[in-house]
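Notes for the one structure printed next.
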Amino acid sequence: MFKYVKESYNELVNKVTWPTFPQLQSSTVVVMVASVIFAVVVLAMDVTFENVMAGIYKTLGGLGR
């Protein structure tokens, strides 16, 4: 177990290339913009589905009378 931790630490310190702060900022902005776009698409799909289902229920509700 100790060997595993030691090798993991060595790899993180010596072999991993960490992004610079500007790279990290630009990646963060990309993720935030993509998340907002995805949320807007899901909202549009939800509102559309809600309106379609409301129309179907309204139409089917009128048939029973």
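The values are calculated or read from the model by the stated rules, or taken from the named source; none is laboratory data. Not measured: the values here are computed from a predicted model. Just the protein is used for accessible areas: all its heavy atoms, side chains included, with ligands, DNA and RNA removed. Shrake-Rupley method; radii C 1.70, N 1.55, O 1.52, S 1.80 Å.
Below are the figures for this structure:
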{"quantity": "Accessible area per residue in Å² at 1.4 Å probe, computed on the chain", "calculated": "97 Å²"}
{"quantity": "HN-Hα J in Hz across segment 25-41 - Karplus 6.51, -1.76, 1.60, θ = phi - 60°, x for Gly and Pro", "calculated": "5, 5, 5, 5, 5, 4, 5, 5, 5, 4, 5, 5, 4, 4, 5, 5, 5"}
{"quantity": "Apportionment of accessible area to carbon and sulfur, segment 16-65, percent (1.4 Å)", "calculated": "75 percent"}
{"quantity": "Rounded, prolate or oblate (a/c below 1.5 giving rounded, otherwise prolate when a/b exceeds b/c) for the chain by Cα gyration tensor", "calculated": "oblate"}
